[in-house]
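Since the structure comes first, as structure tokens, the remarks are kept for the end.
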Amino acid sequence: MNRSKMPIPDPPEAPLLLPFEPGPYRLAMGLHACPEADWIQIDARYRAELGLRRALLDLRRDEVLGVDPATAPARREVLELLAAHLPARFPAWFGCEPGRRLRNRLTGEVWTLADPGSDPLEVAARLVQEDMCLLRLDGATPILTDAALCFPSRWRLTEKLGRPLTAVHHPVPGYADRLAGPVDRFLSALRPGRIVQRANWGVVDDPALFQPAAPAAGTIITQADAGDRLWLRVERQTLRRLAISGVILFTIRVQVAAFSRLIAAPERARLAAALRALPEATARYKNLTAFREAALTFLDAHA
């Protein structure tokens with residue numbers, strides 16, 4: 001049967017990612033191997049999130065897209081990598097067509113790869129739910145040179161572009177002393193063909209995916225309304241080195257779940273333990289101090 005006449009299956013619901021490590025808090029890279037097949041993830045929120053990404057790129061482009069003219073070949077390499085990966089991994093949703101065109105059956109869009117009409121990184125950002133950052137190695141120092149960042153977790157791309165990774169992570173308590181050296185060495189040693197992943201999490205009082213800044217102080221949340229007013233925000237991150245340019249491609253996939261959804265999750269006790277284990281400086285960095293006790297009381301009440 002001609003694939004164009006076949007019904008297009010809907011992407012599946014994504015499992016809730018709950019990346020809580022047992023035991024005391026430990027600042028670590030927390031890297032795990034990522035199979036090629038799991039590098040890009042597409043789920044039931046794809047159409048809604050792609051619509052939001054289109055709106056942000058159309059209306060707030062300067063806030064969510066930043067590129068360095070010197071790294072144009074690396075950005076083209078990202079698009080070529082995606083254009084090869086998506087039809088091979090998700091043939092029901094993406095297809096290659098004559099003239100080096102890529103068809104997205106979920107949105108009805110067709111992209112011409114030879115001349116996409118937009119920056120290749122922007123086109124890549126209009127194809128997947130992941131945000132994408134490029135890190136160029138200046139000697140052993142990773143520099144954030146380019147990014148399509150539609151769903152930031154309370155940081156502004158314009159304030160980070162062109163800066164070393166250590167400076168990008170300057171607000172993170174303990175990063176400079178404990179993680180900067182290991183991270184730089186790991187990225188310098190990362191070889192093409194290997195993909196690693198990690199997860200980062202926080203608790204927020206706003207479910208919006210586009211959050212370039214922390215909310216104003218003064219929010220009051222109690223145990224009674226914590227289930228509806230607090231959300232678990234998780235970032236699934238991957239790292240891989242591009243084979244031709246040698247640039248590091250860093251992807252970020254954001255998932256948000258209401259606390260009320262965690263009542264039935266067996267990992268809620270692990271979330272409570274993780275919240276209790278956070279050092280005070282880390283809790284402040286994550287903007288948790290105003291409602292950590294309300295979150296813990298809510299989780300404990302449903303344990």
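The values are calculated or read from the model by the stated rules, or taken from the named source; none is laboratory data. Just so it is clear, the structure is predicted and the values come from calculations on it, not from any experiment. Reconstructed Cβ throughout: ideal geometry from the backbone, glycine too, with neighbour counts over all protein chains shown. Surface areas here come from the heavy atoms of the whole protein model, side chains and all, with no ligands, DNA or RNA. Shrake-Rupley method; radii C 1.70, N 1.55, O 1.52, S 1.80 Å.
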Checking T158, T145 in turn, the sole residue that is open to solvent by less than 50 Å² (accessible area, probe 1.4 Å), closer than 30 Å to L27 by Cβ and modelled with pLDDT of 95 or more turns out to be T145
Looking across region 218-261 at residues that are small (G, A, S) and modelled with pLDDT of 95 or more, the single one that is surrounded by the most Cβ atoms within 10 Å (Cβ to Cβ) is S245
For region 53-74, give me the residue count where each residue is open to solvent by less than 20 Å² (accessible area, probe 1.4 Å) and over 14 Å from R126 (Cα atoms).
3
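Residues are listed down the side, and each one gets a yes or a no for (1) surrounded by fewer than 16 Cβ atoms within 10 Å (Cβ to Cβ); (2) modelled with pLDDT under 95; (3) part of a helix (DSSP H, G or I):
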{"residue": "R178", "(1), (2), (3)": "yes, yes, yes"}
{"residue": "R185", "(1), (2), (3)": "yes, no, yes"}
{"residue": "S188", "(1), (2), (3)": "yes, no, yes"}
{"residue": "P192", "(1), (2), (3)": "yes, no, no"}
{"residue": "R198", "(1), (2), (3)": "no, no, no"}
{"residue": "A208", "(1), (2), (3)": "yes, no, no"}
{"residue": "A213", "(1), (2), (3)": "yes, yes, no"}
Being among the charged types (D, E, K, R), surrounded by fewer than 15 Cβ atoms within 10 Å (Cβ to Cβ) and over 18 Å from L27 (Cβ atoms) is the filter here; which residues of region 268-303 pass it?
D300
Being aliphatic (A, V, I, L, M), surrounded by fewer than 18 Cβ atoms within 10 Å (Cβ to Cβ) and not in a strand (DSSP E or B) is the requirement here; does A92 meet it?
yes
Consider R47 carefully, then state whether it is modelled with pLDDT of 95 or more and surrounded by 15 or more Cβ atoms within 10 Å (Cβ to Cβ).
no
For A264, state whether it is open to solvent by 40 Å² or more (accessible area, probe 1.4 Å), more than 15 Å from the chain's Cα centre (by Cα) and modelled with pLDDT of 95 or more.
no
Residues of region 86-106 being out of contact with any strand residue (DSSP E or B) (no Cβ under 9 Å at 6 or more places or on another chain) and within 18 Å of A125 (Cα to Cα), in sequence order, are R89, F90
Exactly one of L134, L102, L106, L121 is in a loop (DSSP other than H, G, I, E, B) and open to solvent by less than 20 Å² (accessible area, probe 1.4 Å), and that residue is L106
State whether the residues of region 5-27 include one that is part of a helix (DSSP H, G or I), surrounded by fewer than 17 Cβ atoms within 10 Å (Cβ to Cβ) and without any contact (Cβ under 8 Å) to a residue 24 or more places away in the chain.
yes
For region 97-121, enumerate the residues that are farther than 16 Å from P87 by Cα and out of contact with any helix residue (DSSP H, G or I) (no Cβ under 6 Å at 6 or more places or on another chain).
A114, D115, G117, S118, D119
What do you reckon, is L56 within 23 Å of G108 (Cα to Cα) and aliphatic (A, V, I, L, M)?
yes
